[in-house]
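**Student:** I have a structure here, written as C-alpha cells, and I will follow up with some questions on it.
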Amino acid sequence: MVAIVARAGATASGSILPRSTGRRRRNAAVVVATATGTGAAAPQEGALERPAWSGETPLSRLVGALIAFKPLYALMKLASREVIIRTAEKSNIPWREMTKKVLESDVYEVFERIRDPNLVYPDYYLSPFHAYDEGNLSWLAAAEAEPATMSIAKRAIPEATSIQEANQIVRGNWLNAIEEHHLKYSGNREINDILDIGCSVGVSTRYLAEKFPSAQVVGLDLSPYFLAVAAQKEERLSRQNPIRWVHANGEATGLPSDSFDLVSLAYVCHECPARAITGLVKEAFRVLRPGGTIALADNSPKSKVLQELSPVLFTLMKSTEPFLDEYYMLDLEETMRQVGFINVCSILTDARHRTVTATVP
C-alpha cells in the first residue's frame, strides 16, 4: 500500500474525483461529441451496476481496511491532495493563484453577514473529507473549491482544448438535460424560482442564473465559508435578478413549501450518507410546486471510466470521500420514486457524471 501512495504522483494525469431509454442516451452522446468538436467518444456505461471498489465487495473491504489504518490514511490524504493540485495545474488551472486571491480578499467581512450562528450542523458534515480535516468548514476548502470544480470538468472531458470548453460541455449537457425534462413533463410551467441546494461557492448557481435569467435564484449551503466566497463574487457581477444566498441545511431549509419550480443538487449527494440523501430529496419535494423539477448531477455508478479506475486512483479517492460507498449503494432513482417524484429519468451527461431528473405530480 505504501507503494501505491508513492506512485500517486506518477498517475496524476488520471482522475481521482468527483435508467434511460436508448434514445435519450444517443441524444446525450450527440451533445458531447458535437460540443467538443474533437471527435470525443460518446459516454459509455460499464458492465457493472456500480464500481467493484464500492459496497461490500472484497476489493472495497480491503481498501476500507487500509483507509482505517490511521498512519496510512494520513499519507493517502496528503498524496491525494498533491495529485489533485498537480493534475489541475497541468491542465492550466491556476490553483494556487486562485486560492491566494480568495484568501487575501475581504471575503471575511462577507462571512459575518451571511453566517447563521444558530445553525446546528448534522454530524456527517463535521467529518473530514476532501483532504481537509474540517471538511467544508474552513477557508482553505472554500478558497480551493472553484479550481477543484474546474478540474472536475477537465477530467470529464479530457479531449477539450481548454478548461472553458470542458466547462461549457459538462455544464451545457447538465442544463440541457434539465431544460428538456422540464419542457416535457412540467405542463408548460415556467421556471420562475430556482433553489440550488449545496451550492458551494456558487458555480452551479451562476450557471442556472445565466440559463434562466428571468428566474429568482437562491443558492443554499451548509458552509458559510463557501457562501461568503459565492456572495463576494456575485457582488462584483451585474445581474438582472441577483442571486440570494442562504446559510441553511438542505434537509431542512426553512423555506416555504411549494415555492420553487426547479431544485438543483449538483455534485452534492456523493458527499452525503444515504440518510442525508433521502432527506435532501424529501426537502426538495416539499419546496417544489406541482409540476416542478428536481435535478441531481453527480458521479454515475454505471460510468465505464469510474468502474475502470486504477487501484491507485480509487484508493486515494475513497480516502477523501467517507460516504462514497453509501452513495454508490443507494438506488437514487427508486429513492426519488418512494418520496413521491414521478417521471424519474437518468442520463449519462458525460463520461463520468449522470443527471437524474424527476417531477412533482
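The values are calculated or read from the model by the stated rules, or taken from the named source; none is laboratory data. Note that the coordinates shown come from a computational prediction; the quantities given were computed from them, not determined experimentally. A quick note on method: Cβ atoms are made from the backbone with ideal geometry, for glycine too, and the neighbour counts reach across all protein chains shown. Ligands, DNA and RNA are stripped out before the accessible areas are found, and what is left, the full protein with its side chains, is counted by its heavy atoms. Shrake-Rupley method; radii C 1.70, N 1.55, O 1.52, S 1.80 Å.
**Student:** Computed over the Cα atoms of segment 232-335, what is the ratio Rg over Rh, Rh following Kirkwood?
**Tutor:** Rg divided by Rh gives 1.04.
**Student:** May I ask for the distance between the Cα centers of segment 73-138 and segment 155-228, given as a whole number of Å?
**Tutor:** 21 Å
**Student:** Subtracting the Cα-Cα distance from 0.36 nm times the residue separation, let me have the gained length for Asp258 to Asn241 in nm, one decimal.
**Tutor:** Values: separation 17, 0.36 × 17 = 6.12 nm, distance 2.06 nm.
Computed gain between Asp258 and Asn241 is 4.1 nm.
**Student:** Now a separate question. Going through segment 62-171, which GluC sites (Glu not before Pro) have at most 11 other Cβ atoms within 10 Å and a DSSP loop state?
**Tutor:** Within segment 62-171, the qualifying GluC sites (Glu not before Pro) (loop, at most 11 other Cβ atoms within 10 Å) are Glu104.
**Student:** I need the shape label for segment 176-297. Rule: rounded when a/c is under 1.5, else prolate if a/b > b/c, else oblate, with a, b, c from the alpha carbon gyration tensor.
**Tutor:** Because a/c hits 1.5 or more and a/b fails to exceed b/c, segment 176-297 counts as oblate.
**Student:** Same structure again: If the cut-off is a Cα-Cα distance under 29 Å, which lysines reach Lys154, setting aside same-chain residues fewer than 8 apart in sequence?
**Tutor:** Within the straight-line limit of under 29 Å, Lys154 reaches these lysines: Lys77, Lys90, Lys100, Lys101, Lys211, Lys233, Lys302, Lys304, Lys318.
**Student:** Can I ask one more? Using mean Cβ contacts within 10 Å as the protection proxy, how do 310-318, 295-303, 72-80, 117-125 order, highest first?
**Tutor:** 295-303, 310-318, 72-80, 117-125
**Student:** Treat every Asp and Glu Cβ in the chain as -1 and every Lys and Arg Cβ as +1, leave all other atoms uncharged, and give the resulting dipole magnitude about the Cα centre to the nearest 20 debye.
**Tutor:** About 860 debye.
**Student:** With runs of 4+ DSSP H residues as the only contributors, calculate the mean residue ellipticity of the chain at 222 nm using -39,500 (n - 2.57) per run, divided by the residue total and rounded to the nearest 500.
**Tutor:** It lands at -14500 deg cm²/dmol.
**Student:** Oh, and also: Give a quick list of trypsin sites (Lys or Arg not before Pro) in segment 192-288 that DSSP marks as loop, anything other than H, G, I, E or B, with at most 13 other Cβ atoms within 10 Å.
**Tutor:** Sparse-neighbourhood loop trypsin sites (Lys or Arg not before Pro): Arg236, Arg239.
**Student:** Against the globular-protein guess of 2.2 N^0.38 Å, express the Cα radius of gyration of the chain as a ratio, rounded to two decimals. Walk me through the numbers before you get to the answer.
**Tutor:** Values: Rg = 19.4 Å, N = 361, 2.2 N^0.38 = 20.6 Å.
Normalised Cα radius of gyration, the chain: 0.94.
**Student:** Ignoring ligands, DNA and RNA, what accessible area per residue does segment 266-361 give at 1.4 Å, in Å²?
**Tutor:** Result: 27 Å² per residue.
**Student:** Counting only protein heavy atoms and using a 1.4 Å probe, what share of the accessible area of segment 58-360 belongs to carbon plus sulfur, as a whole percent?
**Tutor:** 53 percent
**Student:** How much length is gained on full extension from Glu308 to Arg337, taking 0.36 nm per residue of separation minus their Cα-Cα distance?
**Tutor:** Stretched fully, the Glu308-Arg337 segment lengthens by 7.5 nm.
**Student:** Further question: Based on the Kirkwood radius over alpha-carbon pairs, what is the Stokes-Einstein translational diffusion coefficient of segment 114-168 at 10 °C with 1.306 mPa s viscosity, in µm²/s?
**Tutor:** The estimated diffusion coefficient comes to 119 µm²/s.
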